[in-house]
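The values are calculated or read from the model by the stated rules, or taken from the named source; none is laboratory data. For clarity, every value in this text was computed on a predicted model and none was experimentally measured. Note that each Cβ is placed from the backbone with ideal geometry, even for glycine, and that neighbours are counted across all protein chains shown.
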Amino acid sequence: MKCKECKKRGKDWQGADPQCAFPDGRLYSQDNWNCATINKLRDMAEDFWSHRDDMRCASIGIVPIPEAEEEGIQQGYIVMTWYKDRGATGQIRVMWDDHEVQKLLLKTAEFVLKHNVEEG
């Protein structure tokens, strides 16, 4: 299974095939490569907060999740790490104050992309 963004984009480069970060259609998997949804979130982090460190601990990006009335949308911040500009995104978690850290849900990622908040 692939996310909507991976299905829409397909493969538009030579080299390794894309591997969606949401293989079950629901929950982020660390086993990913050039997932279109995740790549859009990484790009979005540049508008909010990101830091690149290719020599030490990789890059980090943070994207706030807009307030949602919709059931099943996580709240807080999407926090992600990746190495250089390569396609794999090693970690993505949702963090919110004193709540337990959670893996990102596809539903939340799609909500954030749809509502592309301009707070950054």
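Just a yes or no: is a residue in the stretch 100-109 in a helix (DSSP H, G or I) and within 16 Å of residue 45 (Cβ to Cβ)?
Yes, because at least one residue in the stretch 100-109 is in a helix (DSSP H, G or I) and within 16 Å of residue 45 (Cβ to Cβ).
Mind counting the residues in the stretch 61-99 that are without any contact (Cβ under 8 Å) to a residue 40 or more places away in the chain and not in a loop (DSSP other than H, G, I, E, B)? First the steps, then the outcome.
First, the residues of the stretch 61-99 that are without any contact (Cβ under 8 Å) to a residue 40 or more places away in the chain: 61-62, 67, 69, 71-79, 81, 83-86, 93-99.
Imposing the further condition that a residue be not in a loop (DSSP other than H, G, I, E, B) reduces the set to 61-62, 77-79, 81, 93-95.
Number of matching residues: 9.
Filtering the stretch 10-47 down to residues that are among the basic types (Lys, Arg) and farther than 19 Å from residue 115 by Cβ, which residue is surrounded by the most Cβ atoms within 10 Å (Cβ to Cβ)? So that I can check it myself, show each step before the final result.
Taking the stretch 10-47 as the starting set, the residues that turn out to be among the basic types (Lys, Arg) are 11, 26, 40, 42.
After this cut, where a residue has to be farther than 19 Å from residue 115 by Cβ as well, the list is 11, 26.
Details: 11: 11, 26: 13.
Across the stretch 10-47, the extreme among qualifying residues is 26.
Which of the residues that make up the stretch 35-50 are of a type outside the set (Phe, Trp, Tyr) and at pLDDT 95 or above? Working first, answer last.
Residues of the stretch 35-50 that are of a type outside the set (Phe, Trp, Tyr), as a first pass: 35-47, 50.
Hits for the stretch 35-50 are 35, 36, 37, 38, 39, 40, 41, 42, 43, 44, 45, 50.
Inspect all residues belonging to the stretch 22-31 and state whether any of them is free of Cβ contacts under 8 Å to residues at least 12 places away in the same chain and assigned to a loop (DSSP other than H, G, I, E, B).
Here is the first cut: in the stretch 22-31, the residues free of Cβ contacts under 8 Å to residues at least 12 places away in the same chain are 29.
From the residues that got through so far, the ones that are assigned to a loop (DSSP other than H, G, I, E, B) too are 29.
The answer is yes; a qualifying residue exists.
Yes/no per residue for (1) of a type in the set (Gly, Ala, Ser); (2) within 9 Å of the chain's Cα centre (by Cα); (3) loosely packed, with under 13 Cβ neighbours inside 10 Å:
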| position | (1), (2), (3) |
| --- | --- |
| 66 | no, no, no |
| 69 | no, no, yes |
| 77 | no, no, no |
| 84 | no, no, yes |
| 88 | yes, no, no |
| 92 | no, yes, no |
| 100 | no, no, yes |
| 111 | no, no, no |
| 115 | no, no, no |
